[in-house]
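Here is the structure we will look at, set down as C-alpha cells.
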Amino acid sequence: MRNAVPLFLAAAVLAPLAAGCAGELIPNTDVPDSGPNREAIRFVEEYRHAVERRNVGEILALVSPRFFDDNGTPTTEDDRDLERLRDELAAIGDRLLDVRYEMRYRNVSYRTDRILVDYTYTSSFKVATPEGDRWETRLNDNRIELVREDGELRIISGI
C-alpha cells in the first residue's frame, strides 16, 4: 500500500504533461493548431458560409476548374465535374429556401498535391416542394479535398 500514494502522485503530475505534448487544438475542432491547418479550415469555412448564404457564385469561385468527384462509388452515373456541379447548383437554387450547415473538423492531412479535410456535418435545409415547404436534415462524415492553384486554395473534390 505504501507505493500507491507515489504512483497516484506520479499519475496526477504526468497526465497533464502528456496531454500538453499533444499540442493545442484549433478551437471547436479536433485539429492540431498550426498555420497550415488554420488556413485550410478558414478556407473550408468560406465554403460553408457560401453554402449557408445559398450563393452559387461564391461556391463556384472556391472550386477548381479541375474539380472532379466520384462520390465514392465505382459507377460513373453520380460522378460530378465542374460543369455538372454548376448545373446541379443552378437547378436547386430556387427550390432551396434556407440552409443551416455545421461542420466539426476532425482531421487535416497533407498529400503531395492535396490537402484533405475530414469533417462531420449536420445540414438542415428548407426546400420548396409542390406539397409545400419542408425541412430536411442530414448528418454524415465527409472529406473535402483542396489544391493550391496560383497560390490560392481551391476545392478539387468533396462537395
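Here are the numbers for the structure shown:
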read-out: Residue count, segment 105-127 (criterion: exposed (fewer than 13 other Cβ atoms within 10 Å of the Cβ) and either farther than 22 Å from Ile26 by Cα or touching a residue at least 12 places away in the same chain (Cβ under 8 Å) (or both)); value: 3
read-out: Which numbered condition Leu25 fails, given (1) exposed (fewer than 14 other Cβ atoms within 10 Å of the Cβ); (2) under 16 Å from Ile156 (Cα atoms); value: (2)
read-out: Per-region count, segment 40-85, residues among the hydrophobic types (A, V, I, L, M, F, W, C) and in a loop (DSSP other than H, G, I, E, B); value: 2
read-out: Residue that is farthest from Glu102 (Cα to Cα) [pool: residues in segment 128-142 that are surrounded by 11 or more Cβ atoms within 10 Å (Cβ to Cβ) and charged (D, E, K, R)]; value: Asp133
read-out: Selection from segment 71-91 of residues that are surrounded by fewer than 16 Cβ atoms within 10 Å (Cβ to Cβ) and touching a residue at least 24 places away in the same chain (Cβ under 8 Å); value: Ala90
read-out: Pairs, first of a type outside the set (Val, Ile, Thr) in segment 30-43, second part of a loop (DSSP other than H, G, I, E, B), C-beta under 7 Å, six or more apart; value: Pro32/Gly23; Asp33/Gly23; Asp33/Glu24; Asp33/Ile26; Asn37/Ile26; Asn37/Val31; Arg38/Ile26
read-out: All positions within segment 113-159 that are in contact with a Phe, Trp or Tyr (Cβ under 6 Å, 6 or more places away or on another chain) and among the basic types (Lys, Arg); value: Lys126
read-out: Meets criteria (out of contact with any helix residue (DSSP H, G or I) (no Cβ under 8 Å at 6 or more places or on another chain) and under 21 Å from Asp78 (Cβ atoms)) for Asp113; value: no
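No lab work stands behind these numbers, since they all come straight from the coordinates. Here the structure is a predicted model, which is why all the values come from computation and not from measurement. Cβ atoms come from the backbone with ideal geometry, glycine included; neighbour counts cover every protein chain shown.
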